[in-house]
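Chemist: Following this message is one structure expressed as structure tokens.
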Amino acid sequence: MSWLSIRVVPAHDRDAVLAILFAAGAQGVHEDGSSLVTHFPPQTDVERIADVVRGADPGAEVTIGRAADTDWSEAWKALLAVQEVGGLRIAPPWLASVHDPATTIVIDPGMAFGTGDHATTRGIVRLMQRVPVRGLDVADLGAGSAVLAIAAAKLGARRVAAVELDPDAIGNAIENVARNEVEGVVSVVEGDAASILPLLAPVDLILANIISSVHIELLPVIATSLSAAGRAILSGILNDERAMLANRLDRNGWTIADEHVEDIWWSATISRR
């Protein structure tokens, strides 16, 4: 029997929709414009999943259909490509062998976020290359696949802590660190960023690709955990939220030193005044 497809156009809470789809067993979610598309085995109660999505994000458009007969264990790989991001590239293992290992971040996404295929990941990697990372102590909050932590290591960071709360992502992050041969620089730490970050302080550079509400919650601990000349690079922020977040940063003693926009996503490098 054919697999079942679910296409969701989120109304207000894209992150909640993504979380629900993965919690329901999605092995991958494809972004098709404003839509999120995934597939489930034929016995899956997709109507129930659709109801949960609509409950979490009222107004979301959910379409259920049947997918063509496909070997999804292999077909999803066609959705990933090598991402050229400044002087670095992010590649899945099956496309990485022809590229220079020194400047290539090899990521097998598994169940963790961070393939380089998303504008928020690319935003931080671009901004990171405008900061002299070499020799810095770095913390990557919400590390997911550890793509940003590995990027920092490739750029010459002295030490990087990849902090991730989701236990399902830890194994994938550890595998990616080993795959890129940066175990001597990157340590994967399981735990809550607000609790772990003070234990790592002082940190010269903090990377955080998370939603705006979590950025706001973490700003106080980020401020106290940075070294005197330290900086943070934030992403996962909708461009529509820029004014709100910029105002919050200004009122709390932060300066926006650099910024980058791609599609609907805003990324920023910030420092203390």
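Every read-out reported here was derived from the displayed coordinates using simple, explicitly stated rules and does not represent laboratory data. Quick caveat, the model's predicted, so the values are computed rather than measured. Here the Cβ is made from the backbone with ideal geometry for all residues, glycine too, and neighbour counts use every protein chain on show.
Chemist: Give the label of the value calculated from the structure for semi-axes √(5λ) of the Cα gyration tensor in Å, choosing from (1) 32, 23, 16; (2) 36, 21, 19; (3) 28, 24, 17.
Modeler: (1)
Chemist: For the chain, build the charge dipole from Cβ charges (+1 Lys, Arg; -1 Asp, Glu) around the Cα centre, then report which of 129, 3, 172 sits farthest towards its positive end.
Modeler: Result: 129.
Chemist: Here is a follow-up. Which distance in nm do the two modelled labels at residue 84 and residue 48 give, with both placed 7 Å along the Cα-to-Cβ direction?
Modeler: So the two model labels end up 4.7 nm from each other.
Chemist: While we're looking at this one, here's another question. Hey, what angle do you get for helix 167-179 against the long axis of the chain, alpha-carbon based, 0 to 90 degrees rounded to 10?
Modeler: 70
Chemist: Restricting the count to DSSP beta bridges whose residues both fall in the chain, what percent are antiparallel, rounded to a multiple of 5?
Modeler: That works out to approximately 55 percent antiparallel.
Chemist: Highest mean first, how do 264-271, 191-198 rank when packing is the count of other Cβ atoms within 10 Å averaged over residues?
Modeler: By packing density, highest mean first, the sequence is 264-271, 191-198.
Chemist: Take 84, 175 and order them by how many other Cβ atoms sit within 10 Å, fewest up front.
Modeler: 84, 175
Chemist: Reported to two decimal places, what Rg/Rh ratio describes region 121-273 when computed on Cα atoms with Rh from the Kirkwood expression?
Modeler: Taking Rg over the Kirkwood Rh, I get 0.94.
Chemist: Here is a follow-up. Using the crude model of +1 on Lys and Arg Cβ and -1 on Asp and Glu Cβ, and no other charge, please compute the dipole size for the chain relative to its Cα centre, in debye to 20.
Modeler: For the chain, the charge dipole is close to 960 debye.
Chemist: Given an 8 Å cut-off on Cα distances and at least 6 residues of separation, report the relative contact order of the chain as a percent.
Modeler: Taking the mean separation of contacting Cα pairs over the length of the chain, I get 14 percent.
Chemist: On to the next question. Sort 95-102, 37-44 for me by packing, meaning the mean count of neighbouring Cβ atoms within 10 Å per residue, highest on top. Provide the component values of the computation, followed by the final result.
Modeler: Values: 95-102: 11.9, 37-44: 17.0.
The packing order, highest mean first, is 37-44, 95-102.
Chemist: Rounded to the nearest 0.05, what FRET efficiency do residue 271 and residue 97 give with R0 = 51 Å and r taken as the Cβ-Cβ distance? Could you check?
Modeler: 0.85
Chemist: About the Cα centre, and with charges only on the beta carbon of Lys, Arg (+1) and Asp, Glu (-1), how big is the dipole of region 4-75? Nearest 20 debye, please.
Modeler: For this selection, approximately 140 debye.
Chemist: Add -39500 (n - 2.57) for each DSSP H run of 4 or more in the chain, then divide by its residues: what number comes out at 222 nm, to the nearest 500 deg cm²/dmol?
Modeler: The per-residue figure over the chain is -9500 deg cm²/dmol.
Chemist: Ordered by packing density, taken as the mean number of other Cβ atoms within 10 Å over each peptide's residues, highest first, how do 247-256, 206-215 rank?
Modeler: 206-215, 247-256
Chemist: Something else about it: Can you tell me how much longer the chain between residue 252 and residue 27 gets when fully stretched, taken as 0.36 nm per residue apart minus their C-alpha distance, in nm with one decimal?
Modeler: Stretched out fully, the residue 252 to residue 27 stretch lengthens by 77.0 nm.
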